[in-house]
Amino acid sequence: MVWMARMMGVFLLVVWGSQPAIAQDQIMVLKISGAINPVVAGFIEHEIESANAAGETLIVLEMDTPGGLDTSMRQIIKAIQTSRVPVAAYVSPSGSRAASAGTFITIASHIAVMAPGTNIGAAHPVNLMGGGKSGQGEPSTMEEKVVNDAAAYIRSLAEARGRNAYWAEKAVTHSQSISAEEAKKLNVIDFIAGSVEALVLAVEGREVAVAGGEKIILHTEGKKIVYRELNKRERILDIISNPNIAYILMMMGMVGLYFELSNPGLILPGVVGGISMILALYAMQTLPINYAGLLLIMLGMILFIAELNTPTFGLLSAGGTIALLLGSLMLIDSDDPAMQISRSILIPTMGIAVVITVGSLYLASKSAMLNVVTGAEGLVGALGIAHSELNPEGTVMVHGEIWNAESDGKIEEGEQVIIEKVEGLKVKVKKSDEPPPEKTV
């Protein structure tokens with residue numbers, strides 16, 4: 001699965017390439033909107049490294065995020081902590097939020113800024129490991145460990161930046177969330193700014209401690225502001241990494257491969273299904289996947305395919321539907337809304353996949369029950385007319401064609417016959433008890 005994802009990334013990189021390098025001594029603004037996933041983390045890490053190599057003045061992370069993966073969040077924070085170019089986290093525009101992973105990133109940044117009308121907090125770690133609650137409704141030991149680890153982590157980040165460590169810990173342990181104005185009063189952020197330009201003016205002359213304890217005085221006035229976003233390749237990978245898109249791709253892949261396996265030679269379903277499945281597998285490595293759920297989905301499709309070859313009057317199809325439903329519900333192993341499959345996507349997508357699959361099974365079973373009307377098999381039981389006398393051999397006309405024929409008894413020319421068997425280019429017939437038609441067939 002990993003090598004396929006790497007190949008997909010290399011292909012997209014060749015097609016669209018990477019963004020051009022930016023000039024030295026500028027202010028770089030990285031726009032982040034949506035969940036924090038490996039694609040976003042890779043983008044930010046790469047841009048921070050590029051800014052350090054180019055000697056940029058300031059990096060601004062303009063964020064609006066509901067949260068994301070813990071591993072991706074820590075990757076971003078490590079890049080910030082090792083950066084010699086100051087990083088300013090900016091929760092913007094108005095109405096945005098820095099929830100969950102976004103709270104950690106804001107606290108960890110050298111400068112923390114929020115736009116009016118934004119909020120920060122609700123950083124309680126979600127159940128990425130299936131810990132859940134104990135039987136008495138109390139947090140399980142595993143959940144307590146995860147919460148304590150996250151609380152200690154954000155407390156250390158806040159203390160390192162001289163921010164309110166008490167509130168930061170409460171944001172983790174009690175899911176507290178506050179507005180920009182409250183965050184300024186509680187010393188969670190440094191100041192409030194209505195725009196990137198206002199932020200740049202506000203940090204002029206500010207002293208910031210970067211990696212290695214080095215202190216830098218910012219000189220941002222008059223510097224060019226350059227906005228950077230995900231390039232085409234990264235945008236495509238980011239879209240694919242969305243749990244809803246990943247699920248749709250997986251269902252498309254399953255249905256496409258099902259049609260190709262059940263009807264070899266159709267080509268198009270196999271091609272579309274194969275591409276969709278590879279893209280879905282790439283997304284799987286960027287999401288907290290429950291492999292039991294994935295196996296149940298695969299089992300469901302296997303049961304549908306088995307129904308084709310071993311008809312069980314719908315029992316295997318019913319089992320396949322149940323397996324698909326349970327697998328879909330279990331697929332994403334996270335309580336974070338940003339990482340979950342939306343029910344408005346899950347139910348219709350699964351329903352369409354089941355309807356298409358069951359419908360094709362029904363049509364296949366109906367066609368199997370139809371009498372053969374073409375080819376050699378279609379001649380058996382057909383009525384014809386003796387084209388010449390059969391004693392015992394002669395010719396008959398059936399379906400507008402003249403066939404060599406053989407009978408057990410004598411049949412006069414013009415009498416009606418029934419085809420009993422087809423043997424190569426000869427048919428075996430017997431006299432029909434029905435009166436012959438007025439016109440020959």
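The values are calculated or read from the model by the stated rules, or taken from the named source; none is laboratory data. What you see is a predicted model; the values in this text were computed from it and never measured. When we count neighbours, we look across all protein chains shown, and the Cβ atoms used for this are built from the backbone with ideal geometry, even at glycine.
Looking only at residues in region 311-333 that are assigned to a loop (DSSP other than H, G, I, E, B) and more than 28 Å from residue 68 (Cα to Cα), which one is modelled with the highest pLDDT? Walk me through how you get there before you give the answer.
Step one: list which residues in region 311-333 are assigned to a loop (DSSP other than H, G, I, E, B), which gives 311-314, 331, 333.
Now narrow it down to the ones that are more than 28 Å from residue 68 (Cα to Cα): 311-314.
Working: 311: 65, 312: 66, 313: 66, 314: 69.
So, considering only residues that are assigned to a loop (DSSP other than H, G, I, E, B) and more than 28 Å from residue 68 (Cα to Cα), the one modelled with the highest pLDDT is 314.
Of all the residues that make up region 174-213, how many are in contact with a Ser or Thr (Cβ under 6 Å, 6 or more places away or on another chain) and either part of a strand (DSSP E or B) or of a type in the set (Val, Ile, Thr) (or both)?
Final tally of qualifying residues: 2.
Condition test on residue 249, is it surrounded by fewer than 18 Cβ atoms within 10 Å (Cβ to Cβ), in a helix (DSSP H, G or I) and not β-branched (Val, Ile, Thr)? First the steps, then the outcome.
Working: surrounded by fewer than 18 Cβ atoms within 10 Å (Cβ to Cβ): no; in a helix (DSSP H, G or I): yes; not β-branched (Val, Ile, Thr): yes.
Criteria not met by residue 249.
Answer with yes or no whether residue 396 is at pLDDT 80 or above and over 30 Å from residue 310 (Cα atoms).
Against the criterion (at pLDDT 80 or above and over 30 Å from residue 310 (Cα atoms)), residue 396 qualifies.
Of the residues that make up region 72-83, is at least one under 30 Å from the mean Cα position of the chain (by Cα) and not in a helix (DSSP H, G or I)?
For region 72-83, residues under 30 Å from the mean Cα position of the chain (by Cα) and not in a helix (DSSP H, G or I): absent.
Can you tell me which of (1) within 35 Å of the chain's Cα centre (by Cα); (2) at pLDDT below 90; (3) not in a helix (DSSP H, G or I) is the one residue 136 doesn't meet?
So residue 136 meets the others, but not (1).
Could we say that residue 232 is in contact (Cβ under 8 Å) with a residue 24 or more places away in the chain and farther than 23 Å from residue 104 by Cβ here?
yes
As an exercise: evaluate residue 18 against (1) modelled with pLDDT under 85; (2) more than 14 Å from residue 236 (Cβ to Cβ); (3) among the small types (Gly, Ala, Ser) and give the number of the one condition it does not meet.
Here residue 18 clears every test but (2).
Inside region 38-71, can you point out the residues that are under 25 Å from residue 233 (Cβ atoms), of a type outside the set (A, V, I, L, M) and more than 23 Å from the chain's Cα centre (by Cα)?
45, 46, 47, 49, 50, 52, 56, 62, listed by residue number.
Pairs, please: C-beta under 6 Å, at least 6 apart or cross-chain, first residue more than 14 Å from residue 123 (Cβ to Cβ) and in region 151-166, second aliphatic (A, V, I, L, M) and part of a helix (DSSP H, G or I)?
Close Cβ pairs satisfying both conditions: 159/165.
Given the residues 257, 308, which is the only one that is farther than 24 Å from residue 37 by Cβ, assigned to a helix (DSSP H, G or I), modelled with pLDDT under 80 and not assigned by TED's automatic domain parsing to the domain that holds residue 42?
On the way: 257 fails: modelled with pLDDT under 80.
The conditions single out 308.
Among the candidates 243, 269, 264, single out the residue that is assigned by TED's automatic domain parsing to the domain that holds residue 328, surrounded by 16 or more Cβ atoms within 10 Å (Cβ to Cβ), touching a Gly at 6+ places or on another chain (Cβ under 9 Å) and over 19 Å from residue 85 (Cα atoms).
269
List pairs: first residue in region 287-305 and assigned by TED's automatic domain parsing to the domain that holds residue 255, second residue assigned to a helix (DSSP H, G or I) and of a type in the set (Val, Ile, Thr) anywhere in the structure, Cβ distance under 8 angstrom, at least six positions apart or on different chains.
If the second residue must be assigned to a helix (DSSP H, G or I) and of a type in the set (Val, Ile, Thr), the pairs left are 300/321; 300/322; 301/357; 304/357; 304/358.
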